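See below for the structure under consideration.
The values are calculated or read from the model by the stated rules, or taken from the named source; none is laboratory data. This one's a predicted model, so the numbers in the text were calculated from it and none came from an experiment. No Cβ is skipped: glycine too gets one built from the backbone with ideal geometry, and neighbour counts run over all protein chains shown.
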Amino acid sequence: MILSANQPYFLPYFPYWQLIAAADTFLVSDDYAFMKGSWIPRNRILVNGRVQYIRLDVKKRSCHKLINQTTLVPFNPAEKLRTVEMAYHKAPFFNDGYALLERVLGSTETNLATFLHQSIAEVCGYLGITTRLLKSSDLPGNSMLRREERVYDFCHRLGADTYINAIGGQALYNKEAFSREGIKLFFINSEAAPYDQGGIPFVPQLSVLDAIMFNSKDALNERLGQYSLI
């Protein structure tokens, strides 16, 4: 069984969804520390060809709290929807992307981790990703372990013999150490090509919402498979 994992982010960029799609089970790491300045509550979209942040506000943001101990500040979905409408109303798949965002922002959940888990499930459904989603808090008892030891434990408990990590984890995890635990370690390297963003020079690493606005579901499905494992 192939396992992948990452912290929950707000409408993260496309390689995040490739990481999910590459696995049989994806572990939403909700009982990890909430890091200030991280991508957990925010992401980037294009407004009039310029990068702009779309974000969720949280109460008393602190690295001493876990993600699933963090509470959302109540917000008016209409304000964020207006920003996205202004940004993408001319995009070819605006109606589909807007309806998806309406469902995401329409949640009444106030727990940040649960809200983000719901949004991940919504986007997976839109992209046709069938990977099983679990929360790391569903497997309690290893929070005191070191970073890689927690991963070993998750793999052993879920019966995973392969673990796929985001490409940025190359400096953190060692293939030989995983092998000693009976686990094959790979890093996913996105090879998805640039797409047309309305005639402007391509701006990478934006929210998945941008890709959804400019690509059909078939094109998005094809993009999900454009990666290599190293």
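Quick check: is even one residue across the range 142-150 farther than 14 Å from residue 32 by Cβ, modelled with pLDDT under 95 and over 19 Å from the mean Cα position of the chain (by Cα)? Within the range 142-150, not a single residue is farther than 14 Å from residue 32 by Cβ, modelled with pLDDT under 95 and over 19 Å from the mean Cα position of the chain (by Cα).
Please go through the range 172-228 and give me each residue that is basic (Lys, Arg) and either out of contact with any Ser or Thr (no Cβ under 7 Å at 6 or more places or on another chain) or touching a residue at least 40 places away in the same chain (Cβ under 8 Å) (or both), ordered by number. Of everything in the range 172-228, those that are basic (Lys, Arg) and either out of contact with any Ser or Thr (no Cβ under 7 Å at 6 or more places or on another chain) or touching a residue at least 40 places away in the same chain (Cβ under 8 Å) (or both) turn out to be 175, 180, 217, 223. Do we have residue 40 as over 26 Å from residue 184 (Cβ atoms), in a loop (DSSP other than H, G, I, E, B) and of a type in the set (Val, Ile, Thr) here? Yes, satisfied.
Taking the range 13-55, which residues are among the aromatic types (Phe, Trp, Tyr), touching a Ser or Thr at 6+ places or on another chain (Cβ under 6 Å) and modelled with pLDDT of 95 or more? Can you show your working first?
Residues of the range 13-55 that are among the aromatic types (Phe, Trp, Tyr), as a first pass: 13-14, 16-17, 26, 32, 34, 39, 53.
With touching a Ser or Thr at 6+ places or on another chain (Cβ under 6 Å) added as a condition, the list becomes 26, 34.
Listed by number, the list holds a single entry, 26.
The set of residues in the range 1-13 that are over 8 Å from the mean Cα position of the chain (by Cα) and of a type outside the set (Ser, Thr, Tyr) comprises 1, 2, 3, 5.
Taking the criterion of being in a strand (DSSP E or B), over 12 Å from residue 207 (Cα atoms) and among the charged types (D, E, K, R), the only residue of the range 43-66 that qualifies is 50.
Matching residues to (1) crowded, with 18+ Cβ neighbours inside 10 Å; (2) over 22 Å from residue 6 (Cα atoms):
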position	(1), (2)
31	yes, no
51	no, yes
59	no, yes
77	no, yes
89	no, yes
97	yes, yes
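Is it true that residue 107 is among the small types (Gly, Ala, Ser), part of a loop (DSSP other than H, G, I, E, B), closer than 13 Å to residue 56 by Cβ and modelled with pLDDT of 95 or more? Considered against the rule, which asks whether it is among the small types (Gly, Ala, Ser), part of a loop (DSSP other than H, G, I, E, B), closer than 13 Å to residue 56 by Cβ and modelled with pLDDT of 95 or more, residue 107 comes out as yes. Taking first residues from the range 148-171 that are closer than 11 Å to residue 184 by Cα and touching a residue at least 40 places away in the same chain (Cβ under 8 Å) and partners that are aliphatic (A, V, I, L, M) and in a strand (DSSP E or B), the Cβ contacts under 6 Å between residues at least 6 apart in sequence or on separate chains come to 155/3; 160/3; 162/2; 163/3; 163/185; 164/188.
Scanning the range 209-230 for residues that are of a type in the set (Phe, Trp, Tyr) and under 18 Å from residue 130 (Cβ atoms) yields a single hit, 227.
Applying the set (1) in contact with a helix residue (DSSP H, G or I) (Cβ under 8 Å, 6 or more places away or on another chain); (2) closer than 19 Å to residue 39 by Cα; (3) among the hydrophobic types (A, V, I, L, M, F, W, C) to residue 185 leaves exactly one unmet item: (2). In this entry, residue 20 passes the filter for residues that are in contact with a strand residue (DSSP E or B) (Cβ under 8 Å, 6 or more places away or on another chain) and either closer than 20 Å to residue 131 by Cβ or assigned to a loop (DSSP other than H, G, I, E, B) (or both). A single member of 200, 183 is crowded, with 18+ Cβ neighbours inside 10 Å and of a type in the set (A, V, I, L, M), and it is 183. Run residue 72 past the list (1) exposed (fewer than 13 other Cβ atoms within 10 Å of the Cβ); (2) modelled with pLDDT of 95 or more and report the number of the one that doesn't hold. So residue 72 meets the others, but not (1).
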